[in-house]
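Read the structure below first, then the notes.
Laboratory data are not the source of any read-out in this text; all were calculated from the coordinates shown. The structure presented is a predicted model; accordingly, all values stated were derived computationally and were not measured. We place every Cβ from the backbone using ideal geometry, glycine too, and count neighbours over all the protein chains shown.
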Amino acid sequence: MKRLALLFSLVCLSFCLFAQVELEKNILPLNLDGSVSIAQFQPLINDMGAYKIVGLGEGTHGTREFGEIRIALIKELIEKKGFRVICFENAFGDSYYFNQWLNSGESVKEGMKKYLIALWQTRELEEFFEWVRTFNKNNSEKVSIAGMDFNYLANMAKVIGSESKKLHLEQLNLLSGDLYKDALYFDSVWDNQMKIENRNDFGTKIRSIRSKLLQIDSIIKTNNLPVSNLLQSALLNGKCWGSGGGRDKGMALMAVNLAENNKMIVWAHAVHLALQSPYKNNMVGGCGGHIKQLVTDYYALGMGTANGKYAGTKDRFDTRINIMNTYKLPATKKNSWDDYFVQMNMPSFFIDLRNSKAENTSLPLRQVGYGPPQRISYTDEVKLPALFDGYIFIKNTNAPEYLR
């Protein structure tokens with residue numbers, strides 16, 4: 001019996017060592033001291049350039065280095081690989097009006113505070129959006145900012161209203177006007193962290209929004225009205241919010257719709273951009289997998305960290321007005337992917353998971369969203385190559401600076 005136990009232990013050890021050796025074959029050490037040197041990412045950029053949609057996922061919603069690396073990658077993908085749409089984990093309508101704002105002479109900072117959730121109101125992104133504004137002034141093929149989420153509804157309803165007016169149908173104008181009023185109410189409740197004084201009134205408003213969206217869609221189809229791509233996107237956004245089909249699937253439908261014939265970069269949390277949910281019950285994540293079902297030329301990049309500080313909010317819901325605080329990352333859990341990478345004793349590296357055979361190793365992955373440390377959790381055991389095509393790990397990271 002002891003011999004069998006010893007043999008089993010040796011087999012397991014050999015298995016783990018084989019997986020680690022296979023992983024190490026596909027590891028590229030990175031030098032991230034100081035500013036990001038883009039030359040070391042050139043093989044990755046060349047690979048990404050062959051895809052139509054590239055997902056750049058962050059392991060936390062509040063890590064400066066994740067933002068800096070993605071911005072450096074995005075600039076290269078825009079200038080050298082022809083990407084022209086950047087889609088954020090941000091409300092569709094808000095992002096549409098932010099894109100208009102960005103191409104005006106108004107303050108980029110004020111536009112960010114008005115239209116982007118607080119997670120994206122960083123100094124790094126402010127500088128990047130200034131860069132986009134300059135790029136658009138100097139190039140005929142503009143870069144556009146889009147949003148695939150539906151946490152805010154009023155600006156989605158505003159788009160529906162402005163586009164419906166072009167169809168010259170009074171019934172549509174009345175419905176879209178009422179829809180906008182209801183959506184404003186919903187947004188105010190969201191800003192207030194969904195603290196509802198009268199649940200019956202709130203339920204009535206939700207049903208009213210869903211009903212008006214269905215009526216508008218029905219009138220357009222019944223009358224065979226010519227609908228702009230913008231109106232179609234806004235109506236789809238409303239359907240994704242109201243259908244109950246799941247946030248990740250809805251965001252995937254929005255991203256693919258907004259990409260149209262352009263090459264797109266998606267900026268969101270890594271768990272959303274993963275090729276599948278890291279949870280057995282699929283409770284969250286896997287938007288990237290839904291994208292890939294619709295657009296096979298999809299690349300998913302994940303990012304992770306172990307130590308240092310990150311930014312988060314005590315609020316439960318992500319709004320434009322969250323107060324972002326700095327927290328210390330707790331120690332990584334033993335026998336997790338995060339701890340596995342710490343044991344490699346490299347400060348930072350990239351793994352090409354497409355060529356890795358580490359799918360034989362299943363470990364939980366730390367899940368850091370935008371909450372304080374007590375809300376940090378771990379996924380179910382999962383094979384990392386099942387989630388991402390590539391992965392960047394940085395052992396020590398910092399929180400970003402936010403706009404004031």
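Computed from backbone phi with θ = phi - 60° and the Karplus coefficients 6.51, -1.76 and 1.60, the 3J(HN,Hα) list for segment 365-370 is 10, 5, 10, 10, x, 10 Hz; x is used for glycine and proline. Taking only C-alpha pairs under 8 Å that are 6+ residues apart, what is the relative contact order of the chain in percent? Computed value for the chain: 25 percent relative contact order.
What's the long-distance tail for segment 154-248, i.e. % of Cα pairs beyond 24 Å? It works out to 20 percent of all Cα pairs.
If you take every DSSP beta bridge fully contained in the chain, what fraction is antiparallel? Give it as a percent rounded to 5. Don't jump to the answer; show the numbers that get you there.
Working: 16 of 43 bridges.
Of the beta bridges lying entirely in the chain, close to 35 percent run antiparallel.
Length available on full extension from residue 222 to residue 142: 0.36 nm per residue minus the Cα-Cα distance, which gives 25.2 nm. Between the amide H of residue 398 and those of 64, 65, 309, distances stay under 5 Å, these residues lying 5 or more places away or on another chain, with hydrogens modeled in the peptide plane.
Take each peptide in 288-294, 103-109, count the other Cβ atoms within 10 Å of every residue, and average; sorted highest first, the result is 288-294, 103-109. Note on the chain: with a GNM built from Cα contacts shorter than 10 Å, the maximum mean-square fluctuation among 174, 235, 363 falls on 174. Here the ratio of the Cα radius of gyration of the chain to 2.2 N^0.38 Å is 1.04.
For segment 144-152, putting each phi into the Karplus relation 6.51 cos²θ - 1.76 cosθ + 1.60 with θ = phi - 60° gives couplings of 10, 9, 10, x, 10, 9, 8, 7, 10 Hz, in residue order, rounded to whole numbers and with x for Gly and Pro. Measuring against 24 Å, Cα to Cα, the residue pairs 52/158; 221/292; 158/212; 52/114; 166/239; 75/109 contain 52/158; 221/292; 52/114 as the ones spanning a longer distance.
Give the peptides 214-227, 58-71, 271-284 in descending order of average Cβ contacts within 10 Å, highest first.
58-71, 271-284, 214-227
The amide H of residue 54, built 1.01 Å from its N in the peptide plane, has 264, 265, 266, 299 as neighbours under 5 Å, considering only residues 5 or more places off or on other chains.
Which helices pass in the chain if a helix is a full DSSP H run, must span at least 30 angstrom along its long axis by Cα, and must have mean Kyte-Doolittle hydropathy not below -0.5? Before the final figure, lay out each step's value.
Working: long enough: 2-25 (35 Å, 1.15); 170-191 (32 Å, -0.28); 199-222 (34 Å, -0.44).
What comes out of the filter, once short or polar helices are dropped, is 2-25, 170-191, 199-222.
Between residue 80 and residue 181, what FRET efficiency comes out of the Förster formula 1/(1 + (r/R0)^6) with R0 = 56 Å and r the beta carbon distance, rounded to 0.05? Once rounded, the FRET efficiency stands at 0.75.
If each residue's Cβ is checked for other Cβ atoms within 10 Å, how do 240, 287 rank with the fewest at the top?
Numbers: 240 23, 287 32.
Starting with the residue having the fewest Cβ neighbours, the order is 240, 287.
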